Every structure is written in C-alpha cells, then in structure tokens.
Amino acid sequence: MIERGKLEFVVGIFVLVGILCLGYLAIKLGKLELVGGDYYELTADFSSSSGLKKGASVEIAGVEVGRVKSIVLKEDQAQVVLAIEDGITVYTDAIASIKTRGIIGEKFMGLSPGGAGEPLARGGMIMDTESGIDLEQVISQFIHGNVE
C-alpha cells in the first residue's frame, strides 16, 4: 500500500501538470502573446469600426499576418492600431478594410498591402481605409423602402 504522503505528492504533481496544460491551451487558443513577439505597429483611422474588436485578425490575401491591438476614439474617428508580423511589408498605398466572415460572422481587418508606394515605417499610418458594411442599417433601409 502506498503511503499517504506519497499519494498526496503524486496527486499534487498530477494537478500541477493539468494546470500547466490548461494554461498552455488557453494561451494558444486565445492567441495571446506572453512576450512582445516580432511585431510592428501601424495605425488606421475609420469613420466606423462597428463590430471590430481588439484581438481580431489582420489578413492579407486570406492569410493572417497580425492582430488588432487596440481601438480608440480619436476626435470623431475610430483609430485602430494593428500589430503586423515582422517581415510583412505594407506600403504607403495600402488599403485597410473592415470585413465580415459570412453573413453574420465575425469582423476582421483585410489589408491590401499596396506596392507602388514606399514601405510604411514602424508606427506608420495607413491612409486609405474602408469601414465595414453595417448589415443592420442595410436591412433597415430595405425594410423601410429607403434603398437607393
């Protein structure tokens, strides 16, 4: 028969390993970064960032290249800060668009990186932006007969 102290020690180790595994999965599934990572920041101003949330993916050609770091109100516009992976070049003629997955899916940032301009520096501003379509407003206009 195993001594009570040894049994408690084994159970304690088992619980500790379980907690470590849960922490690892939470970080990986939540796509959190413990350390700064190899990212640089770009900003973009939108007339509306409705539905876009902090942590949403940033994609170029359907490939995730970063995350939305923050969304704040600056004057009368939504300023979105993007964390883009090092090695991904975005140019001054880039276009940032708020897009939706599916009909009522999550919002994400779509980037058309450009290529005719100069590369944007760290902390640079994307000048051309397209706010997302407000599906509720479109449906409301359709229902009330205000479609143009």
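Please treat every number below as a calculation from the coordinates, not as lab data. Because the structure is a prediction, the values reported are computed rather than measured. Positions of Cβ are generated from backbone atoms using ideal geometry, with glycine treated the same way; all protein chains shown enter the neighbour counts.
Per-residue answers, yes or no, for (1) more than 13 Å from the chain's Cα centre (by Cα); (2) of a type in the set (V, I, T):
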| site | (1), (2) |
| --- | --- |
| F9 | yes, no |
| G66 | no, no |
| Q79 | yes, no |
| A83 | no, no |
| T89 | yes, yes |
| A94 | yes, no |
| P119 | yes, no |
*How do the pairs read when you match residues in the range 5-20 that are free of Cβ contacts under 8 Å to residues at least 60 places away in the same chain with residues anywhere that are surrounded by 10 or more Cβ atoms within 10 Å (Cβ to Cβ) and in a helix (DSSP H, G or I), using Cβ under 9 Å and keeping only pairs 6 or more apart or on different chains?*
none
